[in-house]
Amino acid sequence: MAGRGRGGGRGRGRAAMSFSVEQLGFSPGEALPGPVLQPPPIYPPMENRPIPLQTGVEGEYMMALKRDFVEFLRDSPAFVTPVATKADIERYSDRYQVALANKNHGDLKFDWTRFPSELRPQARLTGKRKRRTKATEREAKLTKKSLDIVNRLDELEKKEEQQSDGEGGGEEAEGKEEEEEKEGEEEEGAMDDLEEEDLDEEMDEGTDYINSYFDNGENYLDEEDDNLDDGPIY
Amino acid sequence: MSLQFEKLCSLILLEHFGEIIQKVGNDLYKCQSKPLNLIVGSTKLPFQKVKQALRIMIQYGFVTFAEGQFPDKAEYTLLADKVILLLRYPRYLLLMKTQYGDEAEMLVEEILRRGQDTASSVIIRAATRLKESLKVEKVCLVTLHDKFSVLVNKQFLMRCPSPDEEKGVPVLTIKEKLLYLPPELNLKGLADIEEGKPGDPGDGGIYWRVNFDRFHQDFRDQIMVSAISRRCDDNAGELLKELLKQMYLRTEAWAATSNPVPFTELREAVRKQSSRPLLGQYIEQYLKVMEEDSSGFVSKVGDSSGGQYSINMKTAFVQLTWATIENIVMERFGSKGARIFRLVRAKKFVEQEQIQQVAMIPAKEAKLLTYRLLEENFLHIQELRKSLANNVPNKTFFLFHIDLNQVARMVLEMCYKALYNAMVRREHERSENRRMVEKQQRIESITLTMREQGATAEQLAEIEEMLTPPEQALLEKVRTMINKLSEAELQLDETMFILQLYLSYQV
């Protein structure tokens, strides 16, 4: 309401400007052009034709140089091609495109001392990943052992029988026993580690849920690491 | 750093290095510097690809790195200015060819192609390419090596900084005096490698790159000399060249004003060159003309030893920028628009009324042109109030003026945009007609093999007829258009160079 009151006070139209319109060159009686409500055209018409480009031998030579340079880079290993994504259906033309994409670009030679270590190909194993690989090894060991357990029980049974058969069974049996003991210790050691590491895993020991059916996706990128060969290290 | 610049940068990366590097470049452009993990996160590209892209961009000098917040983790920074220079590579090579010959051109091209490389491998690759192009058995490695040393001495090539010690993020440094120290190669080892035998050229770990600044310095001199030649005559251009030579003896190359050059030394230097007898005879007059010329390239700063002259680089580029912008205004708004623009330039601050009177253009037309120039930001308006009270409108003056710095920046933006548009259009034309071009290439290769097999003229004509006349006409049209666009790109770069140089002198 207040606004309207003020507007009324100033008068309408032309007088609302903060400067006199005559300064812009409009005579007192002349109507002002209406407001522009459209964005300017994307391709405004050209009023003057541009002057032609200077052509000459130098220009042509430079163009040739430029073309060569771009072509060289396109064929060089510096032109990083994206990983080809699998299309929904196989097309006939794909066969040719794949051939193009896999064109062997060779390898760039890098002097690795000049690059941050994280960019070097051999610097892929970080601390976290090392531990992870150890853990997976252990898992594998464990599963193997759980399979062996039946065999092992059988073995122990046989041994007991042997021992009961003849006390003086000979040094052979003793030797064997020692071996067994050693093995046992090792096993225990392994088990201890495991207990410390992860109780849950031990609980699952009996079942096969643990056996790498589950992929939490963390390995996803690492696999790719292995697929893509890095250049030789200099 | 603007949107246009970013788009142009991204397009250049795409054209030269493919889309992965383009994405990484875009991502890096958006922020000052970024560690590897964040780039992977925001680009959503495979880790391995990002690493590969970064390696290549570091190799070509588009990205630098420094240890960031965490130890052993580098942060990467994009040098967008270096990326734009990719468009100027042909000009660098042309300069090399005209001034230092084919071998120098080949050497520089080999370095540009690899970003940075050791002297030995550059020489060997240049030798192989020269052999192919010249169809000769043997290329003298010694001459190539000498050429390389000459280029280093002239500072066209420089050593790359190298790491001091083995660290997670190497710190690259180089001593000043080593920067332009020519390589010492074991030529026998070099020859062995060229013949395919194992050999040691003895320059392991020393990498070379192109010193773009040095090239720009030559371009700058060329521009100034040709400007003076156009304004006076060739003798004056020659004199300026001589002055520039004298200037380099006592002044740092990028100084705004050179230290004074005594007239006597200049005369000695000109006399030694017997090619231009007229110049030797009228050297004083030429100097006088150049000194009094409004362009202000040369000025007299003292009278001792026959007069002391210095070159004003900064003024020269202010003048050249004015000339460039005036020409642009002329082409866009016609000669009357240009007249108004020049008038405002001469008067510094001027009122509308005065423009009409002095420019001798009918009032209405003059207003229209002035406001159009204002609308497109070639002119600027300065309000001048007699009283600060808001309700006294009649006491305000509107003065037109030109802020050259701002106009130059705006024109530079226009250049970026034009360049971007030209490149997009060129790519579009190429991809639209790719099938046709490929067909033509196939036909050409078939013709070639048939000819080798000794086919009759009839058969050859038959093959050539596979491309119908309309198709041929279309192909020809596309080819001329693509050529025109690439030509335009190169010439736009020349305008950009002047404007960039002007802005760099203003800082």
Expected single match for in contact with a Leu (Cβ under 8 Å, 6 or more places away or on another chain) and open to solvent by 60 Å² or more (accessible area, probe 1.4 Å) among B:Arg435, B:Arg409 is B:Arg409
Given the residues B:Asp192, B:Asp213, B:Asp203, which is the only one that is open to solvent by less than 30 Å² (accessible area, probe 1.4 Å) and of a type in the set (D, E, K, R)?
-> B:Asp203
Enumeration of residues in the range B:131-148 that are part of a helix (DSSP H, G or I) and either crowded, with 19+ Cβ neighbours inside 10 Å or among the β-branched types (Val, Ile, Thr) (or both) = B:Leu141, B:Val142, B:Thr143, B:Leu144, B:His145, B:Lys147, B:Phe148
If we take the range B:158-252, then helices (runs of 4 or more DSSP H) inside it with 2 or more residues that are modelled with pLDDT of 85 or more, touching a Gly at 6+ places or on another chain (Cβ under 7 Å) and not acidic (Asp, Glu) are B:212-231
Quick one: which helices (runs of 4 or more DSSP H) sit completely within the range B:396-507 and have at least 3 residues that are within 30 Å of B:Gln222 (Cα to Cα) and touching a Lys or Arg at 6+ places or on another chain (Cβ under 7 Å)?
-> B:469-506
Residue check for B:Leu93: buried (at least 17 other Cβ atoms within 10 Å of the Cβ) and within 9 Å of chain A (Cβ to nearest Cβ) | yes
Restricting the search to the range B:51-80, which residues are within 22 Å of the chain's Cα centre (by Cα) and of a type in the set (Gly, Ala, Ser)?
-> B:Gly61, B:Ala80
Across the range B:335-362, what is the total count of residues that are in a helix (DSSP H, G or I), open to solvent by less than 70 Å² (accessible area, probe 1.4 Å) and touching a residue at least 12 places away in the same chain (Cβ under 8 Å)?
-> 10
Just need a number here: residues in the range B:102-124 that are farther than 15 Å from A:Leu73 by Cβ, touching a residue at least 12 places away in the same chain (Cβ under 8 Å) and in a helix (DSSP H, G or I).
-> 12
Within the range B:4-31, count every residue that is away from chain A (no Cβ under 14 Å) and under 17 Å from B:Met496 (Cα atoms).
-> 6
Could you grab the pairs with beta carbons closer than 8 Å, sequence gap of 6+ or different chains, first residue in the range B:169-196 and within 14 Å of another protein chain (Cβ to nearest Cβ), second one open to solvent by less than 60 Å² (accessible area, probe 1.4 Å) and among the aromatic types (Phe, Trp, Tyr)?
-> B:Val169/B:Phe65; B:Pro170/A:Phe115
Selection from the range B:243-257 of residues more than 17 Å from B:Phe215 (Cα to Cα), in contact (Cβ under 8 Å) with a residue 24 or more places away in the chain and surrounded by fewer than 21 Cβ atoms within 10 Å (Cβ to Cβ) yields B:Ala256, B:Thr257
Check whether at least one residue in the range B:16-35 is farther than 27 Å from A:Trp112 by Cβ, open to solvent by 30 Å² or more (accessible area, probe 1.4 Å), at pLDDT 90 or above and in contact with a helix residue (DSSP H, G or I) (Cβ under 6 Å, 6 or more places away or on another chain), and report yes or no.
-> no
Apart from one, (1) within 13 Å of chain A (Cβ to nearest Cβ); (2) of a type in the set (Lys, Arg); (3) over 21 Å from B:Leu503 (Cβ atoms) all hold for B:Lys417; the odd one out is (3)
With the checklist (1) out of contact with any Cys (no Cβ under 9 Å at 6 or more places or on another chain); (2) farther than 19 Å from B:Asp192 by Cα in hand, flag the one item B:Gln116 doesn't pass.
-> (1)
Do any helices (runs of 4 or more DSSP H) lying entirely in the range B:8-101 carry at least 3 residues that are touching a residue at least 60 places away in the same chain (Cβ under 8 Å), and which ones are they?
-> B:80-84
With the condition kept exactly as written, say whether any residue in the range B:154-163 is out of contact with any Ser or Thr (no Cβ under 6 Å at 6 or more places or on another chain) and without any contact (Cβ under 8 Å) to a residue 40 or more places away in the chain.
-> no
Report whether or not B:Gly61 is outside the structural domain of B:Leu412 (by TED's automatic domain parsing), in contact with an Asp or Glu (Cβ under 6 Å, 6 or more places away or on another chain) and open to solvent by less than 40 Å² (accessible area, probe 1.4 Å).
-> no
Verdict on B:Arg426 being open to solvent by less than 80 Å² (accessible area, probe 1.4 Å) and in contact (Cβ under 8 Å) with a residue 12 or more places away in the chain = yes
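The values are calculated or read from the model by the stated rules, or taken from the named source; none is laboratory data. The model shown is predicted, which means the values in this text are computed figures rather than measured ones. Please note: Cβ atoms are built from the backbone with ideal geometry, for glycine as well, and neighbour counts cover all protein chains shown. Side chains are part of the model used for accessible areas, which takes the heavy atoms of the whole protein and leaves out ligands, DNA and RNA. Shrake-Rupley method; radii C 1.70, N 1.55, O 1.52, S 1.80 Å.
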